[in-house]
Each structure stands twice: as C-alpha cells, then as structure tokens.
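Data block below; observations after.
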C-alpha cells in the first residue's frame, strides 16, 4: 500500500508541475495582451512596415509571404456562404458550451446598434480556432470585407493554425455593429490598440467574478453587447492541424466533418447569442433549427 501511495504522490507532483507550466505560459500571454493595449499608433505603423504587410495589396499568410485579395476572398466567400441546411444539420455539433449570459451587463452600442466586441491576437491558436465561427455567425446578420488570412504562431500550442484576421477588416449590418481587435501579430508584435471604453469592458468581464481566476485574461474574448460573453476557444485548435485555409472553409460545408461539426456548431451558438441582441431578427436566421440547437448550449449567468 505504501508503494502505491508513493506512485500516486509522484503522479500528483507531475500533474501539478504541468499545470504550473501551463498557467505560467498563460500569464505571459495575458501580460502581452494587456501590455499591447497601450501601444501607440506610430509603433503599429513601424511594425507593419517591418513585417512587410502591404496595405491594400494583400494580406499576410503568417509565413512572411503575401496572400492575394483574390485568394483571401475565395476563402471568406466560402466561410460566409455556409448553407442554412448545413447549419441546421449540424445543430450544436460537437460544441460543449456556448457564450455565458450576463445579468445587468454593460450595454455597448455603436451607430445606434448593439455591438459585438472581439479581442484577440494573431499569434494565439485559440483565437485562430474561434475566428472561423465568429465570421460565419456574424455573416448571417451582415457583410464582411477586408478579412485577412494568417496563421497562429509557429512557437505556440497548435502551431501554425490556419485562421482569419480582423486586423483591417470591415463589417456592416442593419442589426449589429462589430469591433474586432488583434492586439498582436503572429510574431507577437503590437498591432491593434483598444479604445479606452472597450479596454474597460475587457478588463471588467475577462476577470473574476465573471470568469475563474485560472482563466482571467484569456483570449479570445468576445462580448455580446452586455448580454453574453465568452473567453477562450470553443474547441481545440488542434482539430485544424495540418489543414489549409481552403480546407477549413470547405470542411464548414460538410456537416459530417470534425472541423465542420466544431466550427458550425460554435457558429450556431454564437448566432443564438447575437439573436438576443437583435430581438430575434432576422427571423429566418434566429428561428432556424440549427440556431435553436445552438441556443441550448448558451450558459446561464453564474
């Protein structure tokens, strides 16, 4: 019995050491995010020049090359063109839990419409996974333009995860507004700076008592106009391992694919959260079977 107890203690010590390592890495990520919030515009311009991003001619693919607007446009067209029948067939998919409700949250609006606030970073693999679902979900309420393609860091968990980027992206809708910030680029250099009002939302709701101490400051952070929020990814970015951007977009049209189940299921739950902001408009979106299934994954306020 004593020998068995000793083995258990060694196993416990190993688990604790691994948890400490993961928490330390997460704290470093949070520090980079918070530190980048005060970055000045001049630094952003310098960084853009250094990494060779040519505004208006293409978007970075995360490997130092250029992705043409045509190539990015084809991927985004697929992501925003998932048929309603596929969303309905997927339902909640493999999603475990969706956005969390907030009682008495701070309502945020822009141009007279409720605002969806996204805070992430291009190096972040968890942001890389979540963006696919965010773009797909919000495309059901409006139109995207200038959405870029990139990859997460090659030196982080789930390296080089293919993804989209909200840096420089535009969104128009009759129902909601959107503010998306990528605080650092793929090389962890400063990129977008949050306005003070949005920074206050991040600091308030991406912290206790709204989230556990262990996940405070995690990104991606998405705030749905004071009604719901989420922090962290809805699914493991390793699910997209070794896939190209085009392959991920294609998988979103296949309700039987693992990537499609994860991304489309997440998008349905995000859509359900946004419908709470719009008063269930447009009706054909908010009453769709897939969205109703996604609503079942929304979490009550803690």
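Note down the nm distance, to one decimal, between modelled labels 7 Å out along Cα→Cβ at residue 145 and at residue 157. Output for this residue pair reads 3.7 nm. In this simple spin-label approximation, residue 236 and residue 197 carry label points 7 Å from Cα along the Cα→Cβ vector, and these lie 4.1 nm apart. May I ask you to list the residues of the stretch 136-173 whose amide nitrogen lies under 18 Å from a point 7 Å from Cα along the Cα→beta-carbon direction of residue 110? Residues passing the 18 Å test: 136-148, 165-173. Measuring r between the beta carbons of residue 214 and residue 170 and using R0 = 41 Å, the FRET efficiency lands at 0.70. For the stretch 80-180, the average shadow cast by the Cα convex hull is 7.7 nm², which is a quarter of the hull's surface.
What number results when the radius of gyration of the stretch 171-277, computed over Cα atoms, is divided by 2.2 N^0.38 Å? Its radius of gyration relative to the 2.2 N^0.38 Å reference: 1.20.
As a rough guide to protection, the peptides 198-205, 148-155 ranked by mean Cβ packing within 10 Å, highest first, stand as 148-155, 198-205.
Full extension of the chain segment joining residue 84 with residue 280 gains 68.9 nm, where the gain is 0.36 nm per residue of separation less the Cα-Cα distance. Once the Cβ-Cβ distance of residue 299 and residue 258 is raised to the sixth power relative to R0 = 25 Å, the FRET efficiency obtained is 0.60. Annotation: peptides 123-130, 231-238, 166-173, ranked by per-residue average of other Cβ atoms within 10 Å with the highest first, follow the order 123-130, 231-238, 166-173.
A short reminder: the numbers here are calculations on the coordinates, not readings from a lab. Remember, predicted model here, so these are calculated numbers, not experimental data. When we count neighbours, we look across all protein chains shown, and the Cβ atoms used for this are built from the backbone with ideal geometry, even at glycine.
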